[in-house]
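*Asks:* So that we are looking at the same thing, I have put the structure below in structure tokens.
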Amino acid sequence: MRFDSIHNYYETLVVRELIQTFVDDIKNIDEDYLQDIACIALNMLPSRYVRHDVDMAFFLTTSERTDMDNAVKEAVLKAKKHVDSQEDEDIRPNTFQQ
């Protein structure tokens, strides 16, 4: 039995938001930096597991989709601020305070 098609729908939204946020410099930005932001942002968001993104999109109302998009934007901005604030630290903390 294979489960590799199951994923958190917010992963797609967070990656899309990261690309939009860093569109001008995406190829010049450290991959670890973007992955740190993505992980922190995803940990601030609820899990919504799906097999296919189209399944989620089909069942969402316009209002729900707008709320999800706004939550993702806010989470990515908070995560970016957090990662940026830790840039000069030798050791990053293990937790993030929302």
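Coordinate-derived values only; no laboratory data. Since we're looking at a predicted model, the values are computed, not measured. Positions of Cβ are backbone-derived with ideal geometry, glycine not excepted, and every protein chain shown enters the neighbour counts.
*Asks:* Note the full-extension length gain between Ser5 and Arg65 as 0.36 nm times their separation in residues minus their Cα-Cα distance, in nm to one decimal. Write out the running numbers ahead of the final one.
*Replies:* On the way: separation 60, 0.36 × 60 = 21.60 nm, distance 2.18 nm.
Taking Ser5 through Arg65 to full extension adds about 19.4 nm, to one decimal.
*Asks:* Between helix 9-21 and the chain, what is the angle of the helix's C-alpha long axis to the longest principal axis, kept within 0 to 90° and rounded to the nearest 10?
*Replies:* 50
*Asks:* How about Lys73: which aspartates and glutamates have a C-alpha closer than 13 Å to its C-alpha, ignoring those fewer than 8 places off in the same chain?
*Replies:* Leaving aside aspartates and glutamates fewer than 8 places away in the same chain, those within reach of Lys73 are Glu11, Glu17.
*Asks:* Follow-up. What does the charge count around Asn70 come to, taking other residues whose C-beta lies under 13 Å from its C-beta (Lys +1, Arg +1, Asp -1, Glu -1)?
*Replies:* Cβ neighbours under 13 Å give a net charge of -2.
*Asks:* To continue, here is another question. Suppose a student asked you for the relative contact order of the range 1-90, using Cα pairs under 8 Å spaced at least 6 residues apart; what percent would you report?
*Replies:* 43
*Asks:* What ranking do Glu17, Glu74, Glu11 get, fewest neighbouring Cβ atoms within 10 angstrom at the top?
*Replies:* So the residues, fewest neighbours to most, are Glu74, Glu11, Glu17.
*Asks:* Along the Cα→Cβ direction, 7 angstrom out, place labels at Thr12 and Gln86. What is the inter-label distance in nm?
*Replies:* Between Thr12 and Gln86, the simple spin-label model gives 2.8 nm.
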